[in-house]
Amino acid sequence: MDLPELLIVQGDTSSALGGALAARELGISLAHVEAGLRTYDPNEPWPEEENRVTIDRIADLLFAPTSGNAANLRRDRVSGQIHVTGNSGIDALAQLIGNLPAKPRRRWPWQAFTLLVTCHRRENWGAGLDGVAKAVTTLCRQRIEANVLLPPNPMVTERMTGIFGGKRGIRLVPPLSHHATIEAMRNADLILSDSGGMQEEAPALGIPLLILRRKTERPEGLATGSMALVGTDPDHIIATVEELWQSRAALNAMRLPCLPFGDGQAAPRIARQCLMFLAEAATTRESRSA
């Protein structure tokens, strides 16, 4: 069986790293979609930070979502070609909801204040999740409601069910499809999450987001003012949520839709660069064989 000429991996999962290492061992050219994301801390997130650094070092084509990601790659002195394309996750969002940025739904002041909560990152499985649970439980004793999305990981789901189950104002939601997750985001007044994908989608949807992490590889979202880092300290989470709950002006300032991670056209740019790379490789082979 003939080997492919180009292998494309996306993101920073261990499976993406495995594919990248296989390409190197087999002598196949490698393209990395979502290249250049960095916290510069190998433990946050772990193992994703080390995975993406390793992939970027050996990739021939590096598709950076933002100019900041491209700057990270140049700082790391990678050898592959760097192209700023936007993030393909925004392409997927655009396919679901149409025009971007989205117009946020109007929220009425007499409605209950609704949180959407997700917490699945490995570094938050222990004390981090405990802190988030304490904060959310405390907040929901007031006129605040929370929908807590359970992750597919059965171990984390079991622990979250034990922590949140039966608590006042808290509804546990089984794992959702992408489309259903987007709808849940759009129905929330405020999102509390450690998800990287939600950090990309929330600004485009005009939904304020508090990041349940100490560091983020997506600082472009912070720069827009549509999200903030709060970590997992319960007192800090409670104080931040209460401030936004009581000051609708501050909350509305975070609800201005914006596109820091791409315009929904990443895929055509990536495809075009891949075709150009393959055409140049074919021309080089032909010239060498002549």
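Rule-based calculations on the coordinates, nothing more; no lab input. This is a predicted model, so every value here is computed, not measured. Using ideal geometry, Cβ is built from the backbone for each residue, glycine included, and neighbour counts are taken over all protein chains shown.
Taking amide H as placed 1.01 Å from N in the peptide plane, the amide H of L229 sits under 5 Å from that of I211, each at least 5 places away or on another chain.
Could you compute how fast segment 72-163 diffuses translationally, taking Rh as the Kirkwood radius over C-alpha pairs and applying Stokes-Einstein at 37 °C with viscosity 0.692 mPa s? Give it in µm² per second.
Translational D for this selection: 191 µm²/s.
Arranged from fewest to most other beta-carbon atoms within 10 Å of their beta carbon, C274, C119 become C274, C119.
Could you work out the mean projected area of the convex hull around the alpha carbons of segment 1-99, in square nanometres to one decimal? Walk me through the intermediate numbers first.
Numbers: hull surface 29.5 nm².
About 7.4 nm², averaged over all directions.
Once backbone amide H atoms are built at 1.01 Å from N, A35 has F63, A64 as its partners under 5 Å, excluding neighbours fewer than 5 places away on the same chain.
In terms of overall dimensions, segment 225-274 has a Cα radius of gyration and Dmax of 17.1, 50 angstrom.
Here the Karplus curve 6.51 cos²θ - 1.76 cosθ + 1.60, taken at θ = phi - 60°, turns the phi angles of segment 119-132 into couplings of 8, 9, 5, 4, 5, 9, 5, x, 4, x, 5, 4, x, 4 Hz, with x standing for Gly and Pro.
The Cα atoms of the chain define a convex hull whose projected area, averaged across directions, is 16.4 nm². Scoring 232-241, 131-140 by mean Cβ neighbours within 10 Å over their residues and listing the highest first yields 131-140, 232-241.
Per-residue ellipticity at 222 nm, computed for the chain from helices alone with -39500 (n - 2.57) per DSSP H run of at least four residues, works out to -14000 deg cm²/dmol.
3J(HN,Hα) couplings calculated from phi for segment 145-160 with the Karplus curve 6.51 cos²θ - 1.76 cosθ + 1.60 (θ = phi - 60°) are, in sequence order, 10, 9, 9, 9, 7, 7, x, x, 5, x, 5, 5, 4, 4, 5, 5 Hz; Gly and Pro show x. If you sort the three axes of the alpha carbon gyration tensor as a ≥ b ≥ c, you get a/c under 1.5 for segment 113-253, which makes it rounded.
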